[in-house]
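The values are calculated or read from the model by the stated rules, or taken from the named source; none is laboratory data. Just so it is clear, the model here is predicted, and its values are computed rather than measured. Here the Cβ positions follow ideal geometry from the backbone for every residue, glycine too, while neighbour counts run over all protein chains shown.
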Amino acid sequence: MSATLQEVISAWRADSAAVPLDELDRRILGLTALVQGIADRGAVTAIELAAHLGTSPEEASSLLRSLAAGGVELAEDGSAVGAALTTRPTPHRFGVRGNELYAWCALNTLFLPGLLDATAEVRSTCPESGQEIRLVVAPDRVESCLPDTAVLSVVIPQALGPDRKTGPASPT
């Protein structure tokens, strides 16, 4: 089944429809700080997040717990190690700022360079053919893609059904 971009956006928005806008803003700012910190240091503590957001460590800890309930990966010490970009191995290697990291899914490898304002080298494997895929993704474009016939599909979360999950445990 093929969906329009508007259908995909509507499906993603449905998951957060009940969340107040100020809370969504707080989560977006927090997630952005986490991605940038993971790219630079591999982890983000509540104290680092608090300093970035101009809030208390307690509020930052609360935000980390809230984000972890939605899929953000925490280390044993409570620091964030995964938020679209992760230190934990996935099929999607993501080299950026001299660090070898991973992306939760193939789609993330296309927007993370823009969020980080950095060029990334991506290595992944096609789940169907097993063929290696290599990309160089700048903040505003894909600079190279091998093989040049590679494509990316986006799955509407509700289409997966109740027994499937998107996010860090996703098979994509």
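Residues in the range 109-144 that are polar (S, T, N, Q) and touching a helix residue (DSSP H, G or I) at 6+ places or on another chain (Cβ under 9 Å): Thr119, Ser124.
Residue-wise test of (1) more than 14 Å from Arg41 (Cα to Cα); (2) surrounded by 14 or more Cβ atoms within 10 Å (Cβ to Cβ).
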residue	(1), (2)
Val96	no, yes
Ala103	yes, yes
Leu112	yes, yes
Arg123	yes, yes
Cys126	yes, yes
Ser129	yes, no
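Taking the numbered list (1) surrounded by 14 or more Cβ atoms within 10 Å (Cβ to Cβ); (2) not in a helix (DSSP H, G or I) in turn, Glu76 passes all entries but (1). Listed by first and then second residue, the pairs linking a residue in the range 98-113 that is under 14 Å from Thr87 (Cα atoms) to a residue that is among the small types (Gly, Ala, Ser) and part of a helix (DSSP H, G or I), with Cβ atoms under 9 Å apart and 6 or more places separating them unless they lie on different chains, are Asn99/Ala39; Leu101/Ala39. A Cβ distance below 7 Å, combined with a sequence gap of six or more or placement on separate chains, defines the contacts here; from the range 54-72, residues that are at pLDDT below 90 and surrounded by fewer than 16 Cβ atoms within 10 Å (Cβ to Cβ) reach no residue that is part of a helix (DSSP H, G or I) and hydrophobic (A, V, I, L, M, F, W, C).
Looking across the range 40-62, the residues that are outside any strand (DSSP E or B) and under 18 Å from Leu115 (Cβ atoms) come down to Asp40, Arg41, Gly42, Ala43, Glu48, Leu49, His52, Leu53. Could you tell me whether Ala46 is under 15 Å from Tyr102 (Cβ atoms) and among the hydrophobic types (A, V, I, L, M, F, W, C)? No. Val44 meets all of the listed conditions (1) in contact with a strand residue (DSSP E or B) (Cβ under 7 Å, 6 or more places away or on another chain); (2) at pLDDT below 95 but one, namely (2).
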